[in-house]
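Engineer: First the structure, then my questions, so here it is.
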Amino acid sequence: MPSPEQQNSGEAETSISQQVHGKPVSGRIWKQRQVQRTSAGRFKPRNFSGWEHQQKQRLERKLVQQTEKEIKEQVQQEKERLKKQRELARKAKEGKMELEMKKVSMAKIKRLKKKQKIKKSS
C-alpha cells in the first residue's frame with residue numbers, strides 16, 4: 001500500500017499532466033485551450049412571463065415602430081421639399097440665362113442687314 005506522500009505526489013502528477021498539453025500544432029502557444037464550446041454560452045433560459053406582460057411588451061414594440069415610421073416619413077418629406085426647392089431654383093436660373101441669351105440675340109438681329117436676316121431665319 002502506498003504511503004500518503006506517494007498518493008499526494010501521484011495526484012499532483014495527474015493534475016499537472018492534465019494541464020500541460022504540449023505545444024499546439026498551429027504554433028499559437030499564447031492561445032488558451034478551449035474548455036467549453038462557444039455554443040454552450042449562448043443558451044438563455046426562456047422567460048415565462050405572464051400574458052399581460054407579453055401584451056404590454058407587444059404594445060410597446062408597436063408604439064416604437066409607429067414612431068420610427070413617423071420619423072422616416074418626416075425625413076422623406078423634408079428630402080422631397082428640398083429636392084423641389086433645388087429644382088425650382090435650377091429652373092429659375094435657366095430661365096434667366098435664356099432671357100439674357102434672347103436679349104443678346106435680338107440686339108444682334110436688329111443690327112444685321114436684310115439679306116443676313118433672311119438667311120438666319122431659314
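The values are calculated or read from the model by the stated rules, or taken from the named source; none is laboratory data. Bear in mind that the values here come from a model prediction, so they are computed numbers and not experimental data. As a convention, Cβ positions derive from the backbone with ideal geometry for all residues, glycine included, and neighbour counts pool all protein chains shown. Heavy atoms of the whole protein, side chains included, go into the accessibility calculation; ligands, DNA and RNA do not. Shrake-Rupley method; radii C 1.70, N 1.55, O 1.52, S 1.80 Å.
Engineer: Under 9 Å between Cβ atoms, at least 6 apart or on separate chains: pull out the pairs that start in the stretch 39-59 with a residue that is open to solvent by less than 100 Å² (accessible area, probe 1.4 Å) and end on any residue that is among the acidic types (Asp, Glu) and assigned to a loop (DSSP other than H, G, I, E, B).
Structural biologist: Final answer for the pair search is none.
Engineer: Applying the selection to the stretch 40-75, what residues are over 29 Å from the mean Cα position of the chain (by Cα) and part of a helix (DSSP H, G or I)?
Structural biologist: Across the stretch 40-75, the qualifying residues are Ala40, Trp51, Glu52, His53, Gln54, Gln55, Lys56.
Engineer: Do any residues in the stretch 14-27 that are part of a loop (DSSP other than H, G, I, E, B) have Cβ atoms under 7 Å from those of residues that are modelled with pLDDT of 65 or more, where the two are at least six apart or on different chains, and which pairs are they?
Structural biologist: What qualifies is His21/Arg33; Lys23/Ile29.
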